[in-house]
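Heads up: the structure comes next, in structure tokens.
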Amino acid sequence: MLPGAALLLFLAAFLFSGAEVRAAPPRQVVVLLVDALSPAELADPAWAHVRRAAGRGAVGLMSSRAGGPHTAPSAYLTLAAGERVRAPALAGLTLAAYESYGLTAVRTLYATLRGEPAGGAALFLGAAQVWAAVPSTTVGRVLAEAGLGTAAIGNADTFSGGIHEHRRLGALLAADERGVIPYGDVGTGTLAFDPDWPFGWRTDYDATWRAFQEAAADAHLLVVELGDLARLDAYADWLTEEQRRRLRRETLERVDEFVGRLLLWLEEGDRFFLLLSPSPPREALQRGFLLTPVVAAPLEAGAGASPGLVRSATTRRAGLITNLDIAPTVLAALGLEPTRGGTPMQAAPPEAVWREVPYGASAGGDPWVFMEELYRRATLTNSLRGPFVRGFVGVSILVFLGWCMWLAGALATGARGPEKALPLWRWLLLLISAAPLAALVLPLLPPPEPPWSLALLAAVAAAAATAFGFLFRRGVDAFVALSLATAALLFLDVALGARLVKNSVLGYDPIVAARFYGLGNEYMGVFIGSCLIGASGLLDRLARGARRRAAVAATCFFFLGGVGLLASPSLGANVGGTVAAVAGFGSAGILLSGRELSWRRLLGLAAAVAVVLAAAAALDVTLHRDAPSHLGRALLLFLREGWAPVAAIAARKLAMNLSLLRWTIWSQVFVVSLGITTVALYRQGETVRRADQHHPFLLKGIRGALVGALAALAANDSGVVAAATLMIPVTSTLVYVLLSQRAASFTTKKGN
């Protein structure tokens, strides 16, 4: 075998196997930026050259979320920096050395702005402003410090209304600290006048290819921006829908042909190819669908086999990465240490599809079909999430406040209150408690399009409430059984890869890009609350006589299992959830064992939290040395830099929590639930005393849940969400217990 071919095969095996051993990096990396490209367009079989290029690599989706409101400049700058940043106004102002800005030659203007002359093929005039907005560094600056050359070719300039707007955003990946790009051509020389194109100017693919070939002789990183799709998006208000589609098809054919030229570009050495769309098309962006397609592969001339699926330690999900992973991938491919932020991508084999797609979904082993299916599911989840949360929270508030108002009126008049409609209230409260379970099992069903998906979700919740109410007619048993079923299904699903959680409207939303693995805050709260209601309610049935101590001990071991699930770096991976679980389960365990909650015991729980988190972080770093979770990364930052980064993380979480407390709808239902539960438990009236006598363990579990909710509120960056989802089923159960006790007291009085 030829030495070059052997090296190429070794590179491919390394970059896409997830192996521990590091190989020699490729000499050159080609980043092809095609903004406003949709996953369906990339998956089109007509893209023959792109499919061949991806053959020995991987395909998938990339979360393109940037800092602040999503804009193309912020998306490109996030790619370059490896962390979410918001781009200032001058982000696109890079000019070729032969151009002028206004009436001034670019080199002259650059010298007057920076007080120093500069060489190079292009100059980033906005470097002073933009680099000041980036906390750390960028790909181009790291490569320049390492003595590796960069090139930027092409642009996405627009010309509507007779105004020439410079949009050379791809250059952000190639510019050094001084704003210099040594090779390439980002200027008007890469454009061609086409009378059939809106406003005349489009990408000149021949000129772009010539500029690429010239730069390839010296540059290690070659960033090529093919801006015609972005131009068409900018001109969308001027175009008819039919003309826009026709021009997009023509553009996609030209892009595919350009990739075909790359496949024929051969000489000694290895090359790594990335095809990215930094921002989604305009229609998707207007709906907030910030997922774009990505291809990553060693560049080879021969026809490729079926690609795998992109994967990174940031997401731990086959077929999905984030834009934070691009900078580390480029740097790692060139043998440099990745910047802080994301992690280098790898490739998961096509058979990894089954771990990500919901049960019963049709994607086969085809990664192109899987990419479309993943996108469809993600956008559907994103579309349903807002209406479902508003409906769930709205119904919960309506039921809770309706009960309070009716009860207050009854107490004022001495008449019977809501307990006289006990069957109706029981079903409504079960419906609220069943909603998270319905959202969890919904991915098992074929998903109809909105609004029918919401109707199906409501029907599943109603069916679950009715079924549990019918099967468990005795008192509070239906709430206990429903809680146990919810907790058990969550535990089983997370242990098996969280395929239900990943596709649930209360699970992850990859478009929002807040979490990709483990147990998210919504279901973390549901899990803790369900465990406490289910276990403590079951104790009221089982803990009789001599079995009491054994039953309480078994319940405490059950709680330890819940803590282990949330703390596990490979399963729950939820730091705030671990804090809430130790606080809630620990408080409940103390109360269930017959002791009172004291400040001394609460301090003991705080110490237990510290021990569990330290153990989980150490285990995370040990098991995932190259790509730990956020807990492991926090530990490594602490060991390397001290308390400063840990304090910054805490400050960020606090700021997020305060913001959510002010604006999110979850805060409203949390306040209502917290108020009802606190007043009911600590205003020791006759009804509560009767409830304590008839359900002694359940009421202690509810008190533990109250402590857990407050801990979840304090320990999570979206703590109000976790606290609310924890308290909703707990409050529903407590309200029913109080209703049933009032109804029983009226029956007793009537009998007497």
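Would you confirm, using the coordinates I've provided, whether VAL480 is β-branched (Val, Ile, Thr), touching a residue at least 60 places away in the same chain (Cβ under 8 Å) and part of a loop (DSSP other than H, G, I, E, B)? Taking the combined requirement at face value, the residue does not satisfy it.
Is it the case, given these coordinates, that LEU123 is of a type outside the set (Gly, Ala, Ser) and part of a strand (DSSP E or B)? For LEU123, the condition - of a type outside the set (Gly, Ala, Ser) and part of a strand (DSSP E or B) - is met.
Would you say PRO280 is modelled with pLDDT of 95 or more and in a loop (DSSP other than H, G, I, E, B)? For PRO280, the condition - modelled with pLDDT of 95 or more and in a loop (DSSP other than H, G, I, E, B) - is met. Going residue by residue through the stretch 340-349, is there one that turns out to be modelled with pLDDT of 75 or more and part of a helix (DSSP H, G or I)? No, the stretch 340-349 contains no residue that is modelled with pLDDT of 75 or more and part of a helix (DSSP H, G or I).
In this structure, does ALA192 turn out to be assigned to a strand (DSSP E or B), in the same structural domain as LEU275 (by TED's automatic domain parsing), surrounded by fewer than 22 Cβ atoms within 10 Å (Cβ to Cβ) and on the phi < 0 side of the Ramachandran plot? When the stated conditions are applied, ALA192 passes them.
None of GLY147, GLY162 is surrounded by fewer than 24 Cβ atoms within 10 Å (Cβ to Cβ), of a type in the set (Gly, Ala, Ser), free of Cβ contacts under 8 Å to residues at least 60 places away in the same chain and out of contact with any Phe, Trp or Tyr (no Cβ under 9 Å at 6 or more places or on another chain) except GLY147. If you check ARG690 against the conditions, is it modelled with pLDDT under 90, assigned by TED's automatic domain parsing to the domain that holds ALA588, crowded, with 18+ Cβ neighbours inside 10 Å and among the charged types (D, E, K, R)? Yes; evaluated as a whole, the condition is true for this residue.
Please determine whether any residue of the stretch 130-137 is under 30 Å from ASP194 (Cα atoms) and either surrounded by 15 or more Cβ atoms within 10 Å (Cβ to Cβ) or not acidic (Asp, Glu) (or both). Taking every residue of the stretch 130-137 in turn, none turns out to be under 30 Å from ASP194 (Cα atoms) and either surrounded by 15 or more Cβ atoms within 10 Å (Cβ to Cβ) or not acidic (Asp, Glu) (or both). Checked against (1) surrounded by 18 or more Cβ atoms within 10 Å (Cβ to Cβ); (2) more than 37 Å from the chain's Cα centre (by Cα); (3) of a type in the set (S, T, N, Q), ASN155 passes all but a single condition, namely (2).
Take the stretch 77-109 and flag every residue that is assigned to a strand (DSSP E or B), over 16 Å from GLY170 (Cα atoms) and not β-branched (Val, Ile, Thr). Result: SER100, TYR101, ALA105. Every condition in (1) at pLDDT 80 or above; (2) more than 21 Å from LEU539 (Cβ to Cβ); (3) of a type in the set (A, V, I, L, M, F, W, C) is met by MET656 except one, and the failing one is (1). The conditions of being at pLDDT 95 or above and of a type in the set (S, T, N, Q) are met by THR190. I'd like to check something: does the stretch 50-64 contain any residue that is in the same structural domain as THR188 (by TED's automatic domain parsing), crowded, with 23+ Cβ neighbours inside 10 Å and under 20 Å from HIS164 (Cα atoms)? Within the stretch 50-64 (the criterion being in the same structural domain as THR188 (by TED's automatic domain parsing), crowded, with 23+ Cβ neighbours inside 10 Å and under 20 Å from HIS164 (Cα atoms)), the answer is no, since none of the residues qualifies.
Looking at this structure, is SER504 surrounded by 24 or more Cβ atoms within 10 Å (Cβ to Cβ) and not in a helix (DSSP H, G or I)? Yes. Screening ARG683 against (1) buried (at least 22 other Cβ atoms within 10 Å of the Cβ); (2) modelled with pLDDT under 85 leaves a single unmet condition, (1). Every condition in (1) modelled with pLDDT of 95 or more; (2) surrounded by fewer than 18 Cβ atoms within 10 Å (Cβ to Cβ); (3) within 33 Å of the chain's Cα centre (by Cα) is met by ALA236 except one, and the failing one is (1). Here ALA607 clears all of (1) in a helix (DSSP H, G or I); (2) in contact (Cβ under 8 Å) with a residue 12 or more places away in the chain; (3) farther than 17 Å from ALA487 by Cβ except the condition numbered (2).
The values are calculated or read from the model by the stated rules, or taken from the named source; none is laboratory data. Source: prediction; values computed, not measured. Backbone-built Cβ (ideal geometry, glycine too); neighbour counts: all protein chains shown.
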